[in-house]
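Asker: Sharing a structure with you now.
The values are calculated or read from the model by the stated rules, or taken from the named source; none is laboratory data. Predicted model, so just to flag it, every value in this text is computed and none were measured. Backbone-built Cβ (ideal geometry, glycine too); neighbour counts: all protein chains shown. Keep in mind that these areas ignore ligands, DNA and RNA; they rest on the heavy atoms of the full protein, side chains included. Shrake-Rupley method; radii C 1.70, N 1.55, O 1.52, S 1.80 Å.
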Amino acid sequence: MKSESRPPSSVTNLKIVCLAGGVGGAKLADGLAQIVPPENLTVVVNTGDDFAHLGLKICPDLDTVMYTLAGAANLETGWGRAGESWRTVAEVGRLGGPDWFHLGDLDLATHLVRTQLLGEGMSLTAVTGHICRHFNIQPTILPMSDQPAPTLIATGAARLSFQTWFVKERWQPPVEQVVLPDDVRATPAVLKALETADLLLIAPSNPFVSVAPILNVYPIRAMIEDLPQAVVAVTPIIGGQAVKGPAAKMMQEMGLPVTARAVADYYGDLIDGFVYDQQDAGSLDGLNMACLCVDTWMHTLADRRRLAQEVLNFAIYVAGNE
Ligand code: FO1
């Protein structure tokens, strides 16, 4: 349970930590980056999707957040770089190599430099800081752990690596279980960010394969449960649909109702407040936590900023009323 909650300091020097993965997470993080002073914003990113491919260390969610905050993301897909070319991966395919995972030429540079620096002994946290500096990204972007923390998808008799399931199999194999590693530890930087946070936001990311892997990293879930700061989550489900990706299909396969309410229930007493979409107005009545019903669609950059401001104002309200 929470100890007495600290009233948040004035808005401008509130320390915000946002847990994020995937495209939805990157969009809210981008909105926050437009309104929170960079020294007060830390984004803790899922690395359960990471994998080795063509001898390179690929970190899709870190890259999606970095490219999005740098204004360099491909706006159609949400992942990878804008203005991308595909000459290298096409030639890899012509040479009989794996071309199912579409690595653009600019994106490849990130994987090459990351793999080289990791090989020289730098931590993933330090490598991410290096890349952020070269993109002039001001807020702090942290991998949830410096250890490998691969998410596996149990489907039928198989356990698929995440990218095999998500990309190669186009997330069609039904998910029986999301299998998370049991020996992954948070970095000191993540622990410090959580300890000093005034507000903790859970982005509209996939709860099962983007947020749960972060909470699974020791001791993040326990810290969030025990620390005094207000925790607010944003729904990734609008009108019974996922904004993007497999969340809705996974909820059906795991026997959950595909509703914002089911996401709020999934987070349970880990959170103090829940933000859901006006399309679902009324569907959270009776929920025993503070709720904010707004337009949670982020179609434009202005939408990201607007939602981030509404979520932040709501989190301050929740913190003041805990
Ligand atoms: N997603 C796809 O659906 N197809 C791809 O070919 C693909 C390539 C890719 C390359 C780099 C990168 O950072 C992300 C990429 N993604 C691709 C998205 C990625 O699989 C997902 O963003 C995350 O793993 C889940 O959010």
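Asker: For the chain, find the longest principal axis of its Cα atoms and tell me its angle to the long axis of helix 105-119, 0 to 90°, nearest 10.
Answerer: Compared with the principal axis, the helix lies near 90 degrees.
Asker: Output needed: percent of Cα pairs per 5 Å distance bin for the stretch 147-276, bins running from 0 to the one holding the longest distance.
Answerer: With a bin width of 5 Å, the distribution comes to 2, 10, 19, 21, 19, 16, 10, 3, 0.
Asker: What does the charge count around residue 293 come to, taking other residues whose C-beta lies under 13 Å from its C-beta (Lys +1, Arg +1, Asp -1, Glu -1)?
Answerer: -4
Asker: Note down the nm distance, to one decimal, between modelled labels 7 Å out along Cα→Cβ at residue 120 and at residue 167.
Answerer: So the two model labels end up 2.6 nm from each other.
Asker: Given springs between every Cα pair under 10 Å in a Gaussian network model of the chain, which of 57, 15, 192 has the largest fluctuation?
Answerer: Residue with maximal mean-square fluctuation among 57, 15, 192: 192.
Asker: Quick check: at a probe of 1.4 Å, how many percent of the accessible area of the chain sits on carbon and sulfur atoms?
Answerer: On the chain, the fraction of accessible area on carbon and sulfur atoms equals 54 percent.
Asker: Let me know the charge dipole size of the stretch 11-321 about its Cα centre in debye, to the nearest 20, where only the beta-carbon of Lys, Arg (+1) and Asp, Glu (-1) is charged.
Answerer: 520
Asker: Which of 215, 246, 186 sits farthest toward the positive end of the charge dipole of the stretch 186-274, with +1 on the Cβ of Lys and Arg and -1 on the Cβ of Asp and Glu?
Answerer: Of the listed residues, the answer is 246.
Asker: Please give the contour-minus-distance gain from residue 53 to residue 244: 0.36 nm per residue of separation, less the Cα-Cα distance, rounded to one decimal in nm.
Answerer: Value of the extension gain: 66.3 nm.
Asker: Further question on the same structure: Among all the lysines, which ones have a C-alpha under 27 Å from residue 249's C-alpha, if same-chain residues fewer than 8 places away are not counted?
Answerer: 27, 168
Asker: How much solvent-accessible surface does residue 134 expose, in Å² to the nearest 10, with a 1.4 Å probe and all protein chains in place?
Answerer: Here the accessible area works out near 140 Å².
Asker: If each residue of separation counts as 0.36 nm, what is the full-extension length gain between residue 35 and residue 302 once their alpha-carbon separation is subtracted?
Answerer: This chain segment gains 95.0 nm when fully extended.
Asker: Only four residue types carry charge here, +1 at the Cβ of Lys and Arg and -1 at the Cβ of Asp and Glu. Report the dipole size of the stretch 100-237 about the Cα centre in Debye, rounded to the nearest 20.
Answerer: 220
Asker: Of the DSSP beta bridges with both residues in the chain, give the percent that are antiparallel, rounding to the nearest 5.
Answerer: Here the antiparallel bridges make up roughly 35 percent for the chain.
Asker: Test of understanding: what is the full-extension gain from residue 91 to residue 295, defined as 0.36 nm times their sequence separation minus their Cα-Cα distance?
Answerer: Taking 0.36 nm per residue and subtracting the Cα distance, the gain is 69.1 nm.
Asker: Can you give the angle from 0 to 90° between the axis of helix 60-69 and the longest principal axis of the chain, with both taken from C-alpha atoms, to the nearest 10?
Answerer: Helix 60-69 and the main axis of the chain meet at about 70 degrees.
Asker: Could I ask something else about it? How high is the relative contact order of the chain, in percent, counting Cα pairs under 8 Å that sit 6 or more residues apart?
Answerer: Relative contact order comes out at 22 percent.
Asker: So what's the back-of-envelope 222 nm ellipticity for the chain, counting only DSSP H runs of four-plus at -39500 (n - 2.57) apiece and dividing by all residues, rounded to 500?
Answerer: After summing the helix terms and dividing by residue count, I get -10500 deg cm²/dmol.
Asker: Set Lys and Arg Cβ to +1 and Asp and Glu Cβ to -1, take the dipole of the chain about its Cα centre, and tell me which of 89, 37, 150 lies farthest positive.
Answerer: 89
Asker: Moving to a separate point now. In the Gaussian network model of the chain, springs joining C-alpha atoms below 10 Å, which of 205, 145, 123 carries the largest mean-square fluctuation?
Answerer: Answer for the Gaussian network model of the chain: 123.
Asker: Would you calculate the convex hull of the Cα atoms in the chain and tell me its volume per residue in Å³?
Answerer: In the chain, the Cα convex hull volume per residue is 126 Å³.
Asker: Label residue 76 and residue 309 with points 7 Å out from Cα along Cα→Cβ: what is the distance between them in nm?
Answerer: In this crude label model, residue 76 to residue 309 measures out at 3.2 nm.
Asker: How tilted is helix 22-35 with respect to the longest principal axis of the chain? Cα atoms for both, answer in degrees (0 to 90, nearest 10).
Answerer: The two axes meet at around 60 degrees.
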